[in-house]
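Read through the structure below, which is laid out as structure tokens, and then see the notes.
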Amino acid sequence: MKKFLSIVFCLVMIQTMVFAQGSQDSAAVKSAKDQEVTILATWAGDYPATVVTRNTIAAFSDADNGITVNADYVYEEKAYYDKLRTRIATGEFPDIFEDYGGARDRDYAESGLLVDLQPYLDADTAWRDSFVNILSDWQYEDIPGQFGVPTDMYCVGIYYNKEIFKDLNIEIPESMDEFTSVCDKLLANGYAPMSLGEKDPYRAGHFLNNLVLKSIGAQGVMDLGSRKISYDGPEIRRVLQMIYDFNEKGYFGPNTINKDAGMARADFHNEVSAMHFDGTWAISRIDESAIAEKVGFFAFPYIEKEFAGSWQGGNNGGVSIINTGDQARIDAAVEILKTLTSAELMAAKQASIKGGVFPVKFEGDPTIVSPLAVAVSTEMTKATEFKTDIQNYDVNTKMLDAVRNALQGLFVGGTVDECVQDIMRVVNAN
Amino acid sequence: MIVGNTKQRRWDLAFIIPGLVLFVFFIIIPLCQSIFQSFYSWNGISISPMKYVGLKNYKYVFENQDFWHSLGNVAWFMAGGFIVLMPIAFLLALIINKQYRLKRFFKTTYFMPVVLPLTAVGLMWVYLLFPAVGLVPVVMEWLHLPEINFLGDPDWAIISVVLVNEWTYAGFNMLIFSAGIVAIPEELFESGKIDGASGWQQTRFITLPMMKEYFKVFSILCITGCIKHFNLVFIMTGGGPNRASEMPATMLYNEAFVYKNFGVGNAIGVFLLVAGVTLSLLTNKIFSRGDD
Amino acid sequence: MEKSLKVRKGMSYWVLGLFAIIWAVITLYPFIITIFSSLKNNDEIFGSMLKLPSDPIWHNYYIAIHDAKILRTIMNSVFLSVISTIGMLLFGSMIAYVLSRTKHVYNKYVLGIFLAGIVLPIYATLVPLMKLVSKISFLRPNSFYTLMFIYIAICLPEAIFIISGYMKGISKELDEAAIIDGCNTPQLFFKILLPISVPALATSAIIAFLNCYNEMVFALLFITEKTMYTVSIGLLYFVGKKTVDMGPMFAAIILATLPMLIFYMFFQERIQSGMVAGSVKG
């Protein structure tokens, strides 16, 4: 026991030393008059673009601008939401928090928790006009106002292994019919055409987004959200049937329900699959992989030609300000938002990950961008309209989870009818 | 000590109070608030008012077929706990108290699964159970057993998680039984040996009856643990596929922290509370039969 | 004093021994996979997790130690868990003593309260608890002692059940003899009962340490200061929104499990000793 107690005392000593050090670090620098602003966001970890963001915030805080930033970064998604929800429920509000907008933040906008940014955007038109056209992610038909701005952007398409395509003499598919024949050819040659990784339910969720966008377009998505188009109508049944058929034919590879997104990605990197359906966040991972040189990118094949330009894309995170009623605090928070959406930061992010897509227009340096990132940007110029997750425009906040879970049913032997019933159960419960 | 003087009584109170105060403050008061909130509708925003809705949250929960399904999954967990976990943990406790040469090695390895973070354990089993290439399916094929997609088949997902759960916590519960075995006086076994009792007979007629209290502790911890189980299901299947392995606690989490229906979440919580306390008291009664 | 059941090496000895070895293999195997995985990159882990690393990446350990600062989080967690465990043992054994060795009318209710407290999933009480804590200025965020109070409260019921179960088995004549010898309650408790109860204390110490060491939700909510992160928060460093750095994460896991194993081995030895012959009701 004595031995044990002495260990404890040692620990206490070490601990006190560490903390004494820690508190000195943080307390000394700034004067007390500064306006304090707290941020809760996911910008932890060593992904280069988030490191750049973090450093920018730290530099902003240290600069002589009368504002001190208390940042709290939680990387993992569930942990982040646990913290965000708890802080909002207990009233320990951060001034700025990160989220995706849309249905997820509808309650917050509705209850008056969020600051309407429209007056601030109108007061600084250069700032307002710098955004690409995805501000609508934080707008609601029945609640006037702009409740957030995007800091990151993504779009979804298909990465492919150029070498395999060349060996098998495959052309890049543009329409869904061409795509299915590509898949058939790959299957015949022993490849899993495109591992999906449906253990993570967002995977088929994203696939459905694209099928819907490429068959009924952006307006169709809005109509689906407001129930002008029903989830048990022919439009949705048609694309659900496609997912069902693709899985039956083996386009998504074997055991797709057992694979998560990481395993699906590994299949592509290990050349088990020839194509990989994913967002632009995959670029830097592919660039790090062994097949970096062999990868190209094409748009998700269209179902109706008129909607070839409808892409899944939008914000991959943005920031909102919580209305604390203290105008000085809100003003300071707006300053930070401007920093987070500045062209300088976007350019620095681009340099750090050698590519990527961004929610703000800026003059990038094309020489530093990786070939794959260039291919993606070139392909993206063909897009005419972007919509993010289709359930983000839904009146019912439960739809995102409901649809994704129902889609999993298609991969474990469920029929399209059962899948539609699962979805309609949630639609009707509201 | 049945009769105590006033001084002893005061000491007894003084012994209880510090722990009890801490527990009441940090656990019981929030618990009461949670019961209270189950009769209100609230979107989880501190500036939004709570609206009294009576039993509506409960009605919503009980009319939800997924909820009844999740209670069925709790039943799987409990069945696994008593049929698989309890015998294995008890056997392991016997093993580490016998004179095997590898005793020390056993003691440490058996505890390994709980030392590793649950995320790592969960992920590892996803691979071990992976169809066709995972170790378990390979061994099963070798033994000519039918092919099962453990985590992908909605009928098997919950059973697979239950079995992984028992694997993880066998070493943990071994400790509880082990504390009981070392408390059995040596003389009992000596006299048993003189009477010519075999190893099995000693276990059956000496160890098991002396361990009643520990089986009771195990039962209560197992029941309460199963009712509130969250982590392993969340990590291994996320409640899927298609909600097949959803547990009441994962539903509670989703209602409160994803959909922001805190009232519904609390109603699920209150149901679990009532069910858990009832079952535990029942267990206590069963074990107390025939006591003084 | 080595305490083991001397059995003739009959059938049961060998059958049990075989089971012992099989179980050892299937519990050790995942640990070995974790070690393998700590030396691989994502594509190799996802592609062939169960195989030997083709080209060990020791750099993963550098990332875990240098970038994720996993050693500091381990130190924080060990400190937090040790103090919480000591507090829990003290409070828990005192309550267990009263519940198991006296017959007060309130015992039933005290037991009921502790039972009710362990049934509820953590997410049901999280928001009310955080609200309560935020109202009390003494319990500031970024303080280990707030966390310790909560950890002690969470670990109490399990410890009370285990320790009181054990104490019930200790002969009550012991108490009476001690009282006649002029012991008061604290003397009886600390000098006589506690030393006898070491196996139960060690068992609940291991369980409590484990629970505190791996606890995540409360640590996440209370700690924002990077220098104070605990292990479970430190491990989140590798998990991104749609990507995970598996290799360095497994390296960090290997490092993080070492203190726990040491603690376990230290206390596991204590489970074997203790019991004074003749002090148990037979």
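The values are calculated or read from the model by the stated rules, or taken from the named source; none is laboratory data. None of the values given here were measured: they were computed from a predicted structure. So basically every Cβ, Gly included, is an ideal-geometry build from the backbone, and we count neighbours across all protein chains shown. These area figures cover heavy atoms from the full protein model, side chains too; ligands, DNA and RNA do not enter into them. Shrake-Rupley method; radii C 1.70, N 1.55, O 1.52, S 1.80 Å.
Things to note:
- Lys/Arg +1, Asp/Glu -1 at C-beta; the protein assembly as shown dipole; positive extreme among A:Y154, A:Y80, A:A333: A:Y80
- Net lengthening on full extension, B:I17/B:M140 (0.36 nm per residue, minus Cα-Cα): 38.8 nm
- DSSP beta bridges fully contained in chain A are about 60 percent antiparallel.
- Averaged over peptide C:27-39, the number of partner chain Cβ atoms lying within 10 Å of each residue's Cβ comes to 5.
- Qualifying aspartates and glutamates (Cα of each under 19 Å from Cα of A:K33; at least 8 residues distant if same chain): A:D25, A:D62, A:D64, A:D95, A:D326, A:D331, A:E335
- Association of chains A and B removes close to 2700 square angstrom of accessible area from solvent, both sides included, for a probe radius of 1.4 Å.
- Summary of the geometry: segment A:203-260 and segment C:4-67, compared by the centres of their Cα atoms, lie 42 Å apart.
- FRET efficiency for B:F82 and C:V15, using Cβ-Cβ distance with R0 set to 22 Å, rounded to 0.05: 0.50
- Kyte-Doolittle mean at least 1.0, axial Cα span of 15 Å or more - DSSP H helices of chain C: C:11-37, C:70-101, C:107-119, C:122-135, C:144-168, C:198-214, C:246-272
- Each Cα pair under 8 Å and six or more residues apart adds its separation to the average, and for chain A the resulting relative contact order is 24 percent.
- Heavy-atom accessible surface of segment C:65-272, averaged per residue, reaches 32 Å², computed with a 1.4 Å probe.
- Here A:V156 sits with roughly 0 square angstrom of accessible surface, probe radius 1.4 Å.
- Buried between B and C is an accessible area of approximately 10100 Å², summed over both sides with a 1.4 Å probe.
- Test item: Cα-centred dipole of the protein assembly as shown, Lys/Arg +1 and Asp/Glu -1 on Cβ, debye: 4600
- Rolling a 1.4 Å probe over the protein heavy atoms gives segment B:55-288 an accessible area of 37 Å² per residue.
- With a simple spin-label model that places each label point 7 Å from the Cα along the Cα-to-Cβ direction, the separation between B:S191 and C:F190 comes to 3.7 nm.
- For A:K354, the lysines whose Cα comes closer than 21 Å to its Cα, not counting residues fewer than 8 places off in the same chain, are A:K162, A:K294, C:K241, C:K242.
- Placing one equal scatterer on every Cα of segment C:65-272 and applying the Debye formula, the log10 ratio I(q)/I(0) at q = 0.09, 0.11, 0.16 Å⁻¹ is -0.43, -0.62, -1.10.
- Residue separation of A:S181 and A:F362 scaled by 0.36 nm, minus their Cα-Cα distance, works out to 61.2 nm of gained length.
- Hypothetical label at B:Q65: residues of segment A:390-421 whose amide nitrogen lies under 16 Å (7 Å Cα-Cβ projection): A:406-407, A:409-410, A:414-421
- Peptide C:90-102 has a mean of 5 when you count, residue by residue, the C-beta atoms of other protein chains within 10 Å of its C-beta.
- The trypsin sites (Lys or Arg not before Pro) of segment B:78-132 that DSSP puts in a loop, and whose beta carbon has at most 15 other beta carbons within 10 Å, are B:R101.
- Taking every full run of DSSP H in chain B, the ones that stretch at least 24 Å from end to end by Cα along their long axis and average 0.5 or higher on the Kyte-Doolittle scale are B:154-182, B:262-288.
- Gap separating the Cα centres of segment A:278-319 and segment B:143-189, nearest whole Å: 45
- Converting phi to 3J(HN,Hα) with the Karplus coefficients 6.51, -1.76 and 1.60 and the offset θ = phi - 60°, segment A:294-307 yields 8, 9, x, 9, 9, 6, 4, x, 7, 9, 10, 4, 5, 9 Hz in sequence order, with x at every glycine or proline.
- The mean accessible area for residues of chain A, using a 1.4 Å probe and ignoring ligands and nucleic acids, is 39 Å² per residue.
- Trypsin sites (Lys or Arg not before Pro) lying in DSSP loop within segment B:206-292, provided at most 12 other Cβ fall within 10 Å: B:R289
- Evaluated with a Cβ-only charge set (Lys, Arg +1; Asp, Glu -1), chain A carries a dipole of roughly 920 debye about its Cα centre, given to the nearest 20.
- Computed lengthening from A:A126 to A:A343, 0.36 nm per intervening residue step minus Cα-Cα distance: 77.0 nm
- Segment B:55-288: C-alpha gyration tensor shape, a/c 1.5 cut-off, then a/b vs b/c: oblate
- When chain B is treated as a Gaussian network with alpha carbon springs shorter than 10 Å, the biggest mean-square fluctuation among B:D12, B:D66, B:D155 belongs to B:D12.
- Efficiency of FRET from Cβ geometry, A:D46 and A:D331, R₀ 25 Å, rounded to 0.05: 0.15
- The chymotrypsin sites (Phe, Trp or Tyr not before Pro) found in segment C:125-229 that occupy coil by DSSP, while having at most 10 further C-beta atoms within 10 Å, are C:F138.
- Shielding of B:101-114 by partner chains, average beta-carbon count, 10 Å: 6
- Exposure rank, largest accessible area first [B:W11, B:W68; 1.4 Å]: B:W68, B:W11
- Number of Lys-Lys pairs in segment B:55-288 with C-alpha atoms under 18 Å apart and a separation of 8 or more places or on different chains: 6.
- When only Cα pairs below 8 angstrom with a gap of at least 6 residues are kept, segment C:65-272 shows a relative contact order of 37 percent.
- To the nearest ten degrees, helix A:343-353 and the longest principal axis of the Cα atoms of chain A are 60 degrees apart.
- Distance between segment A:109-174 and segment B:219-252 - C-alpha centres, whole angstrom: 36
- Based on C-alpha pairs under 8 angstrom that are at least 6 apart in sequence, chain B has a relative contact order of 28 percent.
- Lysines whose Cα lies under 23 Å from that of B:K7, excluding same-chain neighbours fewer than 8 positions away: C:K103, C:K108, C:K168, C:K172, C:K191
- Furthest towards positive pole of dipole, A:V51, C:A205, B:Y253, structure part the protein assembly as shown, Cβ charges: C:A205
- Accessible surface of the protein assembly as shown, 1.4 Å probe, proportion on carbon and sulfur as whole %: 61
- Lys, Arg +1 and Asp, Glu -1 on Cβ, resulting dipole of chain B about Cα centre, debye, nearest 20: 820
- Gyration tensor verdict on the protein assembly as shown (Cα atoms; rounded if a/c is under 1.5, prolate if a/b is larger than b/c, oblate otherwise): prolate
- When the helices of chain A are scored as -39500 (n - 2.57) per DSSP H run of n ≥ 4 and the total is divided over every residue, the value at 222 nm lands at -15000 deg cm²/dmol.
- Exposure rank, largest accessible area first [A:I96, C:I21, A:I170; 1.4 Å]: C:I21, A:I170, A:I96
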